[in-house]
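One structure is given here, and the rest of the page talks about it.
The values are calculated or read from the model by the stated rules, or taken from the named source; none is laboratory data. Because the structure is a prediction, the values reported are computed rather than measured. Counting neighbours? That spans all protein chains shown, and the Cβs are built from the backbone with ideal geometry, glycine included.
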Amino acid sequence: MPETPPAAGRSVFSLTGEVAIVTGGGSGIGRAIALGLAECGARVGIADASAEGAEQTAVAIRAAGGEAVAIETDVTSEDGMTDAVAAVEATLGGLSLAVNAAGIADAVPALELTTDQFERMYRINVTGLFRSCQAEARAMIRTGRGSILNLASISGLVSHREMLQAHYNSAKAAVAHLTRSLATEWAPHAIRVNSLAPGFTLTPMNAREEVASMRADISRQIPLERFAEPEEMVGPAVFLLSGAGSYCTGVDLVVDGGFTLL
Ligand SMILES: NC(=O)c1ccc[n+]([C@@H]2O[C@H](COP(=O)([O-])OP(=O)(O)OC[C@H]3O[C@@H](n4cnc5c(N)ncnc54)[C@H](O)[C@@H]3O)[C@@H](O)[C@H]2O)c1
């Protein structure tokens, strides 16, 4: 039975009473969104391969008066996300929200990409994300409803002539279409599934040389003339996850300062 719209008068962006899990919540965009969800009232589980990163985010949420639990998880491990979801539910309650931000990026010329490099990219960014969605949806079916947000990218829409990341680009295109497919399949369970396609965002992922060295050139190609701060992904994420987005499912929301308009 699909989710009903939020009642009139209630803040449509409120996440009070919701329980969320954020993969990749130990850094960058995932961390900013985890903090933002907590600020909107959600209790948040942070699942990250970096125990230290996850703990730092949880500490920041608690310092701001929120509730959070940190869990060390590798999204590629067989039962990792099932166990992570169980740990979040044991501490915070039935899962209703999920953000899948765990991911990697690198640049390798397509003619030199090895099978190992190609498959590692897909194992983390596609298979790991799919297994995360699966574990989350199973929990949301028990809860009775849910909303999932996957981190896609503008790299799934355009191919960046100078960036040499065919494996990353194609993996992100897969995330957006996987999202549409799951949105269709899980709507009868009252689970909405959307993706966010950020443009260039100032996170540790973009501190790598191949992006940092091109920052000035890339910024000139962005109508807003700058990279995004991770915090600028929070509003779009809350919109899609909350009652404000109750009629959105299968959306790939581009938040890129206009980069893909050109
Ligand atoms: N930064 C950008 O410009 C940008 C743009 C578009 C999309 N994205 C996407 O947004 C998401 C977050 O990126 P970010 O820039 O915040 O990167 P980041 O490197 O700052 O954070 C990624 C997090 O994912 C975690 N992680 C990596 N592999 C993992 C695994 N196997 N299991 C669990 N956790 C794992 C890392 O420990 C890290 O905490 C990624 O999916 C990325 O592809 C980023």
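Values computed for the structure shown
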| quantity | calculated |
| --- | --- |
| Test: V193 is surrounded by 19 or more Cβ atoms within 10 Å (Cβ to Cβ), under 14 Å from the mean Cα position of the chain (by Cα) and away from the ligand (no atom under 11 Å from the Cβ) | yes |
| Number of the condition not met by M205 [criteria: (1) under 16 Å from the mean Cα position of the chain (by Cα); (2) modelled with pLDDT of 95 or more] | (2) |
| Tabulated pairs, region 224-247, first of a type in the set (D, E), second away from the ligand (no atom under 12 Å from the Cβ), C-beta under 7 angstrom, 6+ apart or interchain | E225/S219 |
| Subset of region 128-160 [more than 14 Å from the chain's Cα centre (by Cα), assigned to a helix (DSSP H, G or I) and farther than 13 Å from A176 by Cβ] | Q134, A135, A137, R138, A139, M140, I141, R142, T143 |
| Where a residue in region 119-140 is within 12 Å of G80 (Cα to Cα) and its partner, wherever it lies, is among the small types (G, A, S) and surrounded by 16 or more Cβ atoms within 10 Å (Cβ to Cβ), with Cβ under 6 Å and at least six apart | E136/A98 |
| Complete set of residues in region 160-169 that are in contact (Cβ under 8 Å) with a residue 12 or more places away in the chain and not aromatic (F, W, Y) | E162, M163, L164, Q165, A166, H167, N169 |
| Test: residue in region 102-118 that is within 18 Å of V85 (Cβ to Cβ), buried (at least 16 other Cβ atoms within 10 Å of the Cβ) and of a type in the set (A, V, I, L, M, F, W, C) | yes |
| Failed criterion for S219 (all others in (1) among the polar types (S, T, N, Q); (2) surrounded by 16 or more Cβ atoms within 10 Å (Cβ to Cβ); (3) out of contact with any helix residue (DSSP H, G or I) (no Cβ under 8 Å at 6 or more places or on another chain) hold) | (2) |
| Boolean, L157 is surrounded by 17 or more Cβ atoms within 10 Å (Cβ to Cβ) and either aliphatic (A, V, I, L, M) or without any contact (Cβ under 8 Å) to a residue 24 or more places away in the chain (or both) | yes |
| Qualifying residue in region 235-248 (condition: within 15 Å of the chain's Cα centre (by Cα) and loosely packed, with under 15 Cβ neighbours inside 10 Å) | yes |
| Residues satisfying the stated conditions in region 60-78, i.e. more than 8 Å from the ligand (Cβ to nearest atom), under 12 Å from G25 (Cβ atoms) and of a type in the set (A, V, I, L, M, F, W, C) | A60, I61, A68, V69, A70, I71 |
| Pairs with Cβ under 7 Å, 6+ apart, first in region 174-201 and farther than 16 Å from A98 by Cβ and in contact (Cβ under 8 Å) with a residue 24 or more places away in the chain, second hydroxyl-bearing (S, T, Y) and in a helix (DSSP H, G or I) | none |
| Filtered residue count, region 18-75, keeping only those that are surrounded by 24 or more Cβ atoms within 10 Å (Cβ to Cβ), part of a loop (DSSP other than H, G, I, E, B) and aliphatic (A, V, I, L, M) | 2 |
| Members of region 11-34 that are in contact with an Asp or Glu (Cβ under 8 Å, 6 or more places away or on another chain) and not small (G, A, S) | V19, I21, T23 |
| Residue in region 161-170 that is farthest from the chain's Cα centre (by Cα), counting only those that are within 13 Å of the ligand (Cβ to nearest atom) and over 18 Å from A101 (Cα atoms) | M163 |
